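Contents: one structure, followed by commentary.
The values are calculated or read from the model by the stated rules, or taken from the named source; none is laboratory data. Note that the structure is predicted; figures quoted are calculated from it, not measured. All Cβ positions, even for glycine, are placed from backbone atoms using ideal geometry, and neighbour counts span all protein chains on display.
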Amino acid sequence: MAKFHYRESPTGKQKNAFKKYLSEDEELVLITGFSGAYTRSKFIIYLLFPGMLFFGLGLGLGWLLGLGKIWALVLGISGMFLVAIIRTMHVYYANRYLLTTRRVIIKKGVFGVKLTAALFDKITHLEVMQGILDRLLLHHGTIIINTAGLNKGEIMLKFVDYPLELKNLLERLINREREQFGLRGATLTEVEGEIIS
């Protein structure tokens, strides 16, 4: 049997942190965000820029303070890694995807927050976009949620781990919601990138 990667329920700490985004009649089912592979690639990019800039600033500061070459190098490398870690953590925590019992919520930002939500009964179909490199090596992709009534008509869950598994979980939640409220007639049929046997 294949391993299912979306088994963990939100912890009590996570439920408390995100309960302000939920309505009274819904529960949090899953919290996810950008994949580990995407986050690691952002860390490497941030090591190069602005990391190299801070490396140079650290070397210059070490020279100005009269530190030895080794200590100036340590200061430069520390600055480079520190700025890359901070930027990567910001990207990770500023992009969260919440699945509840009634809707999907995209939360962007840490201090200033932008929320985009789609009720399950407004979702018309789901699409999965996953290139060959994403599928074979990185195991991430994008889920496009097409909705009725939203201005753009679609919202995207970008760079999610194992997007086909997440799409299947989302479909189960949508179908459960529709069965509960007697909307069983509408089915989700259009999915790109999945082989149905």
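So, of the residues in segment 70-93 that are of a type in the set (Phe, Trp, Tyr) and farther than 18 Å from GLN14 by Cα, which turns out to be surrounded by the fewest Cβ atoms within 10 Å (Cβ to Cβ)?
TRP71
Here HIS90 clears all of (1) assigned to a helix (DSSP H, G or I); (2) farther than 19 Å from GLY36 by Cα except the condition numbered (2). Just so you know, in segment 9-43 the residues that are of a type in the set (A, V, I, L, M, F, W, C) and out of contact with any helix residue (DSSP H, G or I) (no Cβ under 8 Å at 6 or more places or on another chain) include one that is surrounded by the fewest Cβ atoms within 10 Å (Cβ to Cβ), and it is ALA17. Restricting attention to segment 94-115, the residues that are surrounded by 15 or more Cβ atoms within 10 Å (Cβ to Cβ) and outside any loop (DSSP other than H, G, I, E, B) total 11. Could you list, in sequence order, all residues of segment 104-131 that are farther than 19 Å from ASP25 by Cα and not aliphatic (A, V, I, L, M)? Scanning segment 104-131 gives LYS107, LYS108, GLY109, PHE111, GLY112, LYS114, THR124, HIS125, GLU127, GLN130, GLY131. Filter segment 1-39 down to residues that are part of a helix (DSSP H, G or I) and free of Cβ contacts under 8 Å to residues at least 40 places away in the same chain, then give me how many there are. Residues in segment 1-39 being part of a helix (DSSP H, G or I) and free of Cβ contacts under 8 Å to residues at least 40 places away in the same chain: 8 in total.
Residue-by-condition table, conditions (1) within 22 Å of TYR162 (Cα to Cα); (2) not assigned by TED's automatic domain parsing to the domain that holds ARG172:
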position	(1), (2)
TYR46	no, yes
PHE49	no, yes
GLY58	no, yes
GLY62	no, yes
THR100	yes, no
VAL104	yes, no
LYS108	yes, no
LYS114	no, no
LEU119	no, no
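Just to be sure before I move on: is THR88 farther than 30 Å from LEU61 by Cβ and polar (S, T, N, Q) in the structure I sent? Walk me through it before giving the result.
Working: farther than 30 Å from LEU61 by Cβ: no; polar (S, T, N, Q): yes.
Judged against the criteria, THR88 is not a match.
Being within 18 Å of the chain's Cα centre (by Cα) and not polar (S, T, N, Q): is that true of LYS15 here? Considered against the rule, which asks whether it is within 18 Å of the chain's Cα centre (by Cα) and not polar (S, T, N, Q), LYS15 comes out as yes.
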